[in-house]
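Below you'll find the structure, written out as structure tokens, and then a few comments.
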Amino acid sequence: MEEYTALLEVVRVLIQERMQPLQVKQDLFNERLSREISQIEDRVTLANAVLQERLQGLNGAQRSMADFRSEVRGMYLTTAEHAAFMKMLESKEASVSSDIRLLRESRAELAGKASQSQVIVTFLIAILSVIISVVSFLHTK
């Protein structure tokens with residue numbers, strides 16, 4: 001019985017040693033993904049605020065400063081340019097959402113699968129259990 005308990009403890013330690021690097025990798029991946037998502041959200045928020053501010057100033061300034069606008073073409077956005085930019089941002093947002101969904105699904109799929117080493121350890125424990133039961137059965141007769 002003590003051998004079986006010791007063997008179980010060894011198996012537990014081996015499993016924990018195998019799982020620890022995977023957990024660290026997963027934590028690092030989650031942290032990096034969270035940072036990237038946060039950065040993208042910050043950029044989108046900032047771009048939206050800048051565009052809204054530019055559009056507010058465009059209405060009056062566009063009529064009275066046509067010459068100035070032609071000299072510094074990139075400082076103001078037309079409504080069509082704004083609509084195109086917003087479409088681009090929406091498509092990027094949809095793409096990011098899709099990527100996040102795929103990553104979550106793959107993480108869930110990986111969490112549900114047994115690794116080859118886990119299968120081998122389980123198989124060895126099963127064989128050892130059969131041998132112990134046969135020896136125990138023969139010993140009692």
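Conditions tested, residue by residue: (1) at pLDDT 85 or above; (2) loosely packed, with under 11 Cβ neighbours inside 10 Å; (3) over 30 Å from Val135 (Cβ atoms); (4) aromatic (Phe, Trp, Tyr).
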{"site": "Val13", "(1), (2), (3), (4)": "yes, yes, no, no"}
{"site": "Phe29", "(1), (2), (3), (4)": "yes, no, yes, yes"}
{"site": "Ile37", "(1), (2), (3), (4)": "yes, no, yes, no"}
{"site": "Ala47", "(1), (2), (3), (4)": "yes, no, yes, no"}
{"site": "Gln56", "(1), (2), (3), (4)": "no, yes, yes, no"}
{"site": "Met65", "(1), (2), (3), (4)": "no, no, yes, no"}
{"site": "Arg69", "(1), (2), (3), (4)": "no, no, yes, no"}
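Residues in the range 127-141 that are surrounded by 10 or more Cβ atoms within 10 Å (Cβ to Cβ) and small (Gly, Ala, Ser): how many?
Residues flagged as surrounded by 10 or more Cβ atoms within 10 Å (Cβ to Cβ) and small (Gly, Ala, Ser) within the range 127-141 amount to 2.
State whether one or more residues within the range 100-113 are surrounded by 10 or more Cβ atoms within 10 Å (Cβ to Cβ), farther than 28 Å from Arg18 by Cβ, in contact with a Phe, Trp or Tyr (Cβ under 9 Å, 6 or more places away or on another chain) and at pLDDT below 80.
Checked against the condition, which is being surrounded by 10 or more Cβ atoms within 10 Å (Cβ to Cβ), farther than 28 Å from Arg18 by Cβ, in contact with a Phe, Trp or Tyr (Cβ under 9 Å, 6 or more places away or on another chain) and at pLDDT below 80, the range 100-113 yields no hits at all.
Are there any pairs with C-beta distances below 9 angstrom linking a residue in the range 27-39 that is closer than 18 Å to Arg101 by Cβ to a residue that is surrounded by 10 or more Cβ atoms within 10 Å (Cβ to Cβ), with the two at least 6 apart or on different chains, and if so which?
Phe29/Leu103; Phe29/Arg107; Asn30/Arg107; Leu33/Ile100; Leu33/Leu103; Glu36/Val96; Ile37/Val96; Ile37/Ile100
So, of the residues in the range 112-141 that are among the small types (Gly, Ala, Ser) and in contact with a helix residue (DSSP H, G or I) (Cβ under 9 Å, 6 or more places away or on another chain), which turns out to be farthest from Leu46 (Cα to Cα)? Give the derivation first.
First pass over the range 112-141, keeping only residues among the small types (Gly, Ala, Ser): 112, 114-115, 117, 126, 129, 133, 136.
Applying the additional criterion that residues be in contact with a helix residue (DSSP H, G or I) (Cβ under 9 Å, 6 or more places away or on another chain) yields 114-115, 117, 129.
Working: Ala114: 44, Ser115: 44, Ser117: 48, Ser129: 63 Å.
Looking at the filtered set, the residue picked out is Ser129.
The values are calculated or read from the model by the stated rules, or taken from the named source; none is laboratory data. Predicted, not measured: the structure shown is a model, and the values here were computed from it. Note that we place each Cβ from the backbone using ideal geometry, even for glycine, and neighbour counts take in every protein chain shown.
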